[in-house]
Structures are given as C-alpha cells and as structure tokens.
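Below you'll find the structure, written out as structure tokens, and then a few comments.
Derivation of every value follows stated rules applied to the coordinates shown; laboratory data play no part. These figures come from a predicted structure and were not determined experimentally. A quick note on method: Cβ atoms are made from the backbone with ideal geometry, for glycine too, and the neighbour counts reach across all protein chains shown.
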Amino acid sequence: MTKKVILAASVLALFSSPVMLTKATADPADATLTIDGKEMTVKTAAPEGHPFDTLYSGWLYREPETRALEEDSFENPGMFGVEQGAELWSVVEGTAGKSCESCHAEPEVDMKGVGASFPKWDADAKRPINIELQIDKCREENMGAEPYKFDAAEQKALTAFIKHQSLGMPVKLDLSQGELQTWWDRGKELYYTRTGQLNLSCSNCHEDHNGQMIRADHLSQGQVNGFPTYRLKQSKLISLHNRFRGCVRDTRAEIPKAFSDDLMALETYVTWRGTGLSVETPAVRQ
Amino acid sequence: MASKPRVKLPKSASAGEIITIKTLISHEMESGQRKDKNGEVIPRQIINKFTVTFNDKTVFEADIEPAISSNPYFEFAVKVPESGTFKFTWVDDDGSVYETEEAIEVA
C-alpha cells in the first residue's frame with residue numbers, strides 16, 4: 001500500500017518538476033538524537049544576524065542507518081579514535097618529560113566545554129587558534145615535543161577525545177576576544193566568495209541548496225559541530241580542515257593549506273554558523 | 001589494529017535467557033583489490049575468522065571474506081544456560097590473534 005502511494009507520488013513529481021522530487025526527498029529528518037542518555041540539540045533557532053531561521057545538524061540529513069550508528073556510542077566507529085585519544089593523554093613525550101595529563105589531570109572535567117568554545121583568540125600568535133593548534137602549542141611550549149603533522153592519527157584522536165568531553169554542550173564562540181570579530185568577517189567574505197573552475201562558494205551549496213540532492217548526496221547546512229567526524233566513505237576520522245580542503249578541491253580551486261589564515265577565518269565563521277547546536281564529536285556521516 | 005576490540009553484553013541474565021551480544025573491532029580490512037599511488041596492488045590483509053566460545057564451547061563462528069568493510073561489527077543472539085565466560089577471537093591474515101573475554105552471571 002505504502003509502496004503504491006510512493007510510486008504514485010514520484011510519478012506525479014516527475015511530471016511536474018524535477019526540483020520538487022529532489023526537494024521532497026532530501027529535507028532534514030524529523031528526529032531527535034540521544035547519545036548515551038544525553039539529549040542532543042540537532043535543531044535550534046539561529047543566532048541574530050544568521051541567514052537561516054533554523055539550524056539543523058548534519059545528522060538530520062543522513063540516512064536512518066547512518067543516524068543509528070551515531071545514536072549508539074558502542075557502534076560508533078569514531079569512538080575508536082576517542083579511545084586512542086584517551087590513551088595518548090597520559091603518554092609522556094618531549095624534552096620536558098610531560099604528557100597532557102601532567103597539567104590536565106582530569107580530562108573529563110578539565111576539557112569539558114573546550115570543544116564547544118573553540119576557535120579562540122591566540123594573543124601570542126595574533127590569530128585564531130583551534131584545538132589542533134592548541135595541542136601543538138602545548139606540545140611545543142610545555143612538553144618540548146614536535147608539533148603533529150597535519151592529520152596525523154594522533155592529532156585527530158586527541159582532538160576527537162577533547163571535543164568529546166563537550167558532547168551535548170551547545171556551540172558558543174566568544175567573538176569579543178582579541179580581533180576574532182575581524183577574522184569572523186574575513187571568514188564570512190570567504191564563505192560567500194565563488195572560487196575554482198566550477199565557480200562555487202560555500203553558500204551556493206550549503207545555504208542556497210541545503211535539503212536538496214547533489215547527485216546522490218543530501219546537501220546539509222554544512223555544520224561543523226560533529227568534527228572530527230567518522231566518514232563511512234573513508235572509514236576513518238576526518239578533520240575539519242581535511243573536509244574544508246575536500247570541498248574546495250571539489251570546486252576545482254587551488255586548495256588552501258590546513259590551518260592557513262584563510263581556513264582559520266573560515267573555521268571561525270562556520271563554527272559560529274552552528275551556534276546553539278550540540279557538540280556531536282565524533283559524529284558519523286556517510 | 002589500533003585499539004582493543006569492543007564487546008557489549010549484559011552483566012547478568014536469567015537461566016535460558018536469549019541475550020544480544022555486540023562486537024566491534026578496529027581493522028583496515030584491506031581487500032587486496034586496491035592499488036597504491038604507484039599502481040602496485042596493496043596486499044590483502046583482513047580478519048578472516050571470528051569465533052565466540054562460551055565455557056569453551058563454540059556458540060558463534062564466522063568466516064570473513066574481503067567484501068566485509070573495515071571495522072567489522074557483529075551482533076548476534078545467544079542463549080545462556082549458566083554462568084560463564086564468553087571468549088572472543090579474531091584471526092588476522094598475518095597470523096595475529098586478537099582476543100578478549102567477558103563474564104556473565106546467571107541467576
């Protein structure tokens with residue numbers, strides 16, 4: 001019976017407009033997300049000055065099977081990364097003979113809220129700092145260790161572990177720190193600037209066409225509250241700057257370096273666009 | 001294999017109860033079909049066997065083939081007649097054996 005109705009509906013849609021067909025099938029799901037008994041905010045009113053009325057987590061744009069993986073932290077393969085991060089926490093490295101634990105003895109307490117409030121202003125470097133760079137800063141200044149190579153498994157695991165301590169907390173940036181507002185402005189400009197041979201900006205997909213299909217994929221609002229994210233396609237944790245670079249590559253533009261000024265500005269702005277959504281790290285996406 | 005395998009089952013059950021066991025192990029499951037940047041075939045390396053015993057009696061067994069995706073996940077139901085220990089064994093192509101065990105109390 002249901003099958004017949006769906007068939008009839010799609011035949012109708014075919015005859016009217018193809019846009020209607022795609023729109024109807026790719027809207028965010030009407031569902032709630034609870035992880036380990038914690039209720040997540042996957043849908044919330046946008047902050048002032050935001051182009052959207054309602055913010056939707058990327059979780060709502062995924063298939064039921066993918067959504068189920070994130071609901072159960074046992075089944076979530078991203079938790080392997082979090083566990084690895086927990087182990088790395090107490091590993092001593094560098095000339096000072098210290099580990100993360102030497103300064104932050106109780107990560108469950110000390111790191112709570114950290115994942116919800118970065119990027120912050122780094123007064124020493126005079127630029128925004130994200131969790132990956134903060135880890136490197138600690139390693140260089142306090143531990144006497146080498147910074148991680150971009151996307152080293154350890155870097156992703158520690159970032160995921162730190163962000164996971166804020167699971168369920170709403171994303172909230174303090175843009176009044178230092179010159180963070182200027183970087184937010186720069187990020188916003190980048191967000192709306194078309195680049196590459198395909199001449200696409202972030203907004204063309206994630207603002208103008210979220211909820212529609214891009215070939216076989218649902219376009220989401222491009223929220224970053226679940227990074228590092230476990231992507232089934234790559235079957236590993238994917239960092240935010242890896243995803244940024246992937247998106248830019250897909251527009252056939254020159255790919256900016258990870259943690260470059262442009263991408264730090266973009267991270268600041270895009271994180272703000274998810275204000276109020278829960279930290280979901282490690283999220284599961286396709 | 002990066003981290004230790006994960007296993008989830010109830011700590012206690014009543015005699016004859018059917019319980020659900022979930023297992024997950026971190027593994028690349030390299031199929032042997034892929035090529036690296038230089039065009040060379042990446043040799044196959046998968047977990048080829050998964051066995052579960054309860055008080056040394058096999059209760060679940062699977063031969064795993066290259067089409068199984070990375071980080072293989074198994075969920076199955078099993079009847080528990082008495083208190084005892086489940087032993088979980090994964091066998092890697094390279095001969096490595098990953099093991100873990102979990103006890104259950106039957107009232």
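To make sure I understand, if each residue's beta carbon is the centre and we count other beta carbons within 10 Å, what order do A:D261, B:D56 fall in, fewest to most?
Ranked by crowding around the Cβ, least crowded first: B:D56, A:D261.
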Pairs B:K11/B:K87; A:K98/A:K126; A:K98/A:K137; A:K120/A:K149: which are spaced more than 18 Å apart, C-alpha to C-alpha? A:K98/A:K126; A:K120/A:K149
Extension gain, B:V59 back to B:K22 (0.36 nm per residue minus Cα-Cα distance, nm): 11.9 nm
Would you calculate, for the protein assembly as shown, the mean residue ellipticity at 222 nm contributed by helices, counting each DSSP H stretch of 4 or more residues as -39,500 (n - 2.57) and dividing by all residues, to the nearest 500? -8000 deg cm²/dmol
Taking the alpha-carbon centroid of each part, what is the distance from the range A:170-224 to the range B:21-49 in angstrom? 35 Å
Just tell me which aspartates and glutamates come within less than 17 Å, Cα to Cα, of A:K188; anything on the same chain fewer than 8 places away is out. A:E48, A:D174, A:E179, A:E207, A:D208, A:D261, A:D262, A:E267
Run the numbers for A:K112 and A:D72: contour at 0.36 nm per residue of separation, minus the present Cα-Cα distance, in nm. 12.3 nm
Using only Cα atoms and rounding to the nearest 10 degrees, what angle (0 to 90) does helix A:240-250 make with the longest principal axis of chain A? 50 degrees
Hey, fewest Cβ within 10 Å first, where do A:Y230, A:Y191, A:Y269 land in order? A:Y191, A:Y269, A:Y230
I'd like the Karplus ³J(HN,Hα) series for the range A:54-65: coefficients 6.51, -1.76, 1.60, θ = phi - 60°, whole numbers in Hz, and an x wherever there's a Gly or Pro. 10, 9, 10, 5, x, 4, 6, 9, 8, 5, x, 5
Using 14 Å as the cut-off for backbone N distance, which residues of the range B:12-54 belong to the label zone defined by a point 7 Å from the Cα of B:E101 along Cα→Cβ? B:52-54
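Rounded, prolate or oblate: which fits the protein assembly as shown, taking a ≥ b ≥ c as square roots of the Cα gyration tensor eigenvalues, rounded meaning a/c under 1.5, else prolate when a/b beats b/c?
Note, shape of the protein assembly as shown comes out oblate.
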Below 16 Å, Cα to Cα, which lysines can A:K43 reach? Residues fewer than 8 away in the same chain don't count. A:K172
Going by the alpha-carbon gyration tensor, a ≥ b ≥ c the square roots of its eigenvalues, is the range A:181-286 rounded (a/c under 1.5) or, if a/c is not under 1.5, prolate (a/b greater than b/c) versus oblate? rounded
Between helix A:180-191 and chain A, what is the angle of the helix's C-alpha long axis to the longest principal axis, kept within 0 to 90° and rounded to the nearest 10? 40 degrees
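Quote the relative contact order of chain B in percent (integer), defining contacts as alpha-carbon pairs under 8 Å separated by 6+ residues.
On the way: 244 pairs, mean separation 34.3, N = 107.
Relative contact order, chain B: 32 percent.
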Angle, helix A:261-272 long axis vs. longest principal axis of chain A, Cα atoms, 0 to 90°, nearest 10? 60 degrees
Sort out for me the Cα centre separation of the range B:50-103 from the range A:51-96, rounded to whole Å. 26 Å
Can you give me the long-range amide H partners of A:K98? Hydrogens built in the peptide plane at 1.01 Å from N, cutoff under 5 Å, separation of 5 or more residues or another chain. A:E93
Return A:I131, B:I104 ranked ascending by Cβ neighbour count within 10 Å, so the fewest neighbours appear first. B:I104, A:I131
